[in-house]
């Protein structure tokens, strides 16, 4: 498998008043195409910052971020937005669904930027809902769904444009254990059956066990990656 994500010498700093806060400190990371990998670490360790760099939501202070063959760190904001639309699907702890839209309308949202007829957008959204097992809830509003079902709609929205990579930031954080297990099984299926590369931030060891490789961050530095027994990917 080839590397789909490669970070070299990546630093990320923020300025707070007159103080500089160094969040990532010369970090190197590679992730193989089609793998399911997790990022863990204490609060403030830089997990979400790292995920944002991989997803093209932010730029490094130093170093290179190469994702899906593109130098994401070297793009301007408009270029990164266009690149994200083609390559990245997002799943967050908070579902970020539009409350006035039905499930299928929420899933369609990423396709509004594409030059597709409305019938094609609807068809693709319905297929995505079928993949996550919610075709029978297409006409429901978010308030009519359980938390687990809302997160499934979020995942359907993440995959509707057929991205190469899914970034998931605490995707089970607001769910009970049964619903969390269902979401993790779905992520595993997206990786194994649909060959998506999945990068998941989690604080939950039970969730991290579902990934093939777990990367531990502490104070902006990566420790050695831990390979779970069921995975096929190689540690970076």
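Some observations on this one:
- Extent of region 1-78 along its three principal axes (Cα atoms, max minus min coordinate, largest first): 44, 31, 20 Å.
- Over the chain: helical MRE at 222 nm, DSSP H runs n ≥ 4 each giving -39500 (n - 2.57), nearest 500: -9000 deg cm²/dmol
- Counting other Cβ atoms within 10 Å as a rough exposure proxy, the listed residues 49, 2 run 2, 49 from fewest neighbours to most.
- Normalised by 2.2 N^0.38 Å, where N counts its residues, the alpha-carbon radius of gyration of region 119-236 equals 1.14.
- The chain - percent relative contact order, Cα under 8 Å, separation 6 or more: 27
- Scoring 57-66, 27-36, 75-84, 155-164 by mean Cβ neighbours within 10 Å over their residues and listing the highest first yields 155-164, 27-36, 57-66, 75-84.
- Axis angle, to the nearest 10 degrees, between helix 177-192 and the longest C-alpha principal axis of the chain: 80 degrees.
- Peptides 194-200, 110-116 ranked from most to least packed by the mean count of surrounding Cβ atoms within 10 Å: 194-200, 110-116.
- As a length-normalised measure over Cα pairs under 8 Å and 6 or more apart, the relative contact order of region 121-236 settles at 18 percent.
- Annotation for region 1-72 versus region 91-163: alpha-carbon center distance of 28 Å.
- To the nearest ten degrees, helix 118-131 and the longest principal axis of the Cα atoms of the chain are 70 degrees apart.
- Compared with the dominant Cα axis of the chain, that is its longest principal axis, helix 77-87 is turned about 60°.
- Each Cα pair under 8 Å and six or more residues apart adds its sequence gap; the mean of these over the residue count of region 32-153 is a relative contact order of 19 percent.
Read-outs: derived from the displayed coordinates by stated rules, not from any lab. Being a predicted model, the structure only gives us computed values, none of them experimental. Neighbour counts run over all protein chains shown; Cβ positions are idealised from the backbone, glycine included.
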